[in-house]
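Notes to accompany the following structure.
The values are calculated or read from the model by the stated rules, or taken from the named source; none is laboratory data. Just so you know, these numbers come straight off a predicted model, no measurement behind them. All Cβ positions, even for glycine, are placed from backbone atoms using ideal geometry, and neighbour counts span all protein chains on display. Quick note on the areas: whole protein, heavy atoms, side chains included, nothing else; ligands and nucleic acids left out. Shrake-Rupley method; radii C 1.70, N 1.55, O 1.52, S 1.80 Å.
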Amino acid sequence: MSTATEGVPLRRRTGVRVLLAVVIGCYVLAVTAGMFLLADNFGNGLLIPLWIVHGVVLAVLISRLGVGAQFCLGSALFIVFVSSFSVYLGGVARDGLTLQQRGDRVTVTVVKERLEPAVERKARHSYYTLERQDGTRVPGPEMETGSDLYDVGQVLKVIEDPKGKLAPRTPDQADATWYLIGSGAFALAALAAVGWMAWRGSDAGRRRAAEKGKKPSGVRKAYQVVTGDHSTEGEQEEKLREALRTYPTDRRGYIKVLPEEYPGLSQQRAARIAWEVGLRAEAAGNRGSWRFGENVLEEVPHE
């Protein structure tokens, strides 16, 4: 079989992986946007279970990129984490922009200060009741700050919400620039994680180049001494490819090879080579052999 023909399955699978990564990225963005819309009307009682379901679906989708189970779970948790921060910061930015658009700038006086109860090491927020200069109370919830910034009797300039839905904020607090940047940065981090997982599933060339530069392992040295086989890892990979293309299958549809004949290859690397030629590596019941087939009971995670 020609080299050009051998590369067709690999190119096709790479294209499928890229398409899947794009689909996962679109899914992540769609869920983030949906959570952003839901966060304004629903509490954590609904959102938390939805984030959990989102993480499970992500782990399943990422597993199709050809990465190990530990990477699927870790990357799914990371994506959920940064996506939730993106939604939170986006909500803060939206409120600030809304307040700037429809709010009124007024001069107010702090008439009451309330400090949030202490909860372990959590930062305590301060809440302020404000009155206009004519003595009327500023509509909406109390103004909130992350620390004790103001005192009773202090005069401030704030933006109030005529509809009374949003808490008043000072002009600096209503500035949504950094919140928008932060929200976008977390969303990009989620997409970058998807891209990183796709790259991990298709970095055979980089890994192979790195492995060729390594010194022979102890097992490989012993094999070379006993058998006189001084083949390189690259030569062993080509030997395994040829075996997978030409060896007959047994009655159960498996191609069997002896791992001793490929001392420079791990089972995960062999599984990757099999995947490139359209086969899967069996993880169960090998009994000293490596078995490969189109359908397996339990697939070996490949590099």
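Return the FRET efficiency for the residue pair GLU298, ALA185: r is the Cβ-Cβ distance, R0 is 35 Å, and the value is rounded to the nearest 0.05. Write out the running numbers ahead of the final one.
Values: r = 40 Å, r/R0 = 1.13.
E between GLU298 and ALA185, to the nearest 0.05, is 0.30.
Just for the stretch 21-144, what percent of DSSP beta bridges are antiparallel, to the closest 5?
So the antiparallel bridges amount to about 100 percent of the total.
Within the accessible area of the stretch 250-302, what % is carbon and sulfur when the probe is 1.4 Å and the other protein chains stay in place? If you can, show how the numbers build up before the last one.
Values: 1100 of 2600 Å².
On the stretch 250-302, the fraction of accessible area on carbon and sulfur atoms equals 42 percent.
Using mean Cβ contacts within 10 Å as the protection proxy, how do 287-298, 93-104 order, highest first? Walk me through the numbers on the way to the answer.
Details: 287-298: 15.5, 93-104: 17.0.
My ranking of the peptides, most packed first, is 93-104, 287-298.
Amide H to amide H under 5 Å from MET143: which residues, 5+ apart in sequence or cross-chain, H placed 1.01 Å off N in plane?
TYR128, LEU130
Can you work out the Karplus-derived ³J(HN,Hα) for every residue in the stretch 269-277? Use 6.51 cos²θ - 1.76 cosθ + 1.60 with θ = phi - 60°, whole Hz, and x for glycine or proline.
5, 5, 5, 5, 4, 4, 4, 5, 9
Provide the gained length on full extension for the span ARG252 to ARG137, in nm with one decimal, where the gain is 0.36 nm per separating residue minus the Cα-Cα distance.
33.3 nm
At 0.36 nm per residue, and after removing the present C-alpha to C-alpha distance, how many nm does the segment from ALA123 to SER147 gain when stretched out fully? It would help to have the intermediate numbers written out before the result.
Values: separation 24, 0.36 × 24 = 8.64 nm, distance 0.79 nm.
Extra length available between ALA123 and SER147 comes to 7.9 nm.
At GLU235 and LEU77, where each label point lies 7 Å from the Cα along Cα→Cβ, what is the point-to-point distance in nanometres?
In this crude spin-label approximation the distance works out to 4.5 nm.
When the chain is fully extended, how far beyond the present Cα-Cα distance does CYS26 get from LYS165, taking 0.36 nm per residue of separation? Mind showing how you got there, number by number?
On the way: separation 139, 0.36 × 139 = 50.04 nm, distance 3.26 nm.
Using 0.36 nm per residue and subtracting the Cα-Cα distance, I get 46.8 nm.
What FRET efficiency comes out for LYS112 versus LYS157 if R0 is 25 angstrom and r is the Cβ-Cβ distance? Round to the nearest 0.05.
On the way: r = 18 Å, r/R0 = 0.74.
Working from the Cβ atoms, E equals 0.85.
What FRET efficiency would be calculated for the residue pair GLN268, TRP196, taking the C-beta separation as r and a Förster radius of 25 Å, to the nearest 0.05? Mind showing how you got there, number by number?
Details: r = 19 Å, r/R0 = 0.75.
So, using R0 = 25 Å, E works out to roughly 0.85.
May I ask you to evaluate 6.51 cos²θ - 1.76 cosθ + 1.60, the Karplus curve with θ = phi - 60°, for each residue of the stretch 102-112 and list the ³J(HN,Hα) values in order in whole Hz, giving x for glycine and proline?
These are the phi-based 3J(HN,Hα) values: 10, x, 10, 8, 9, 9, 10, 10, 6, 10, 7 Hz.
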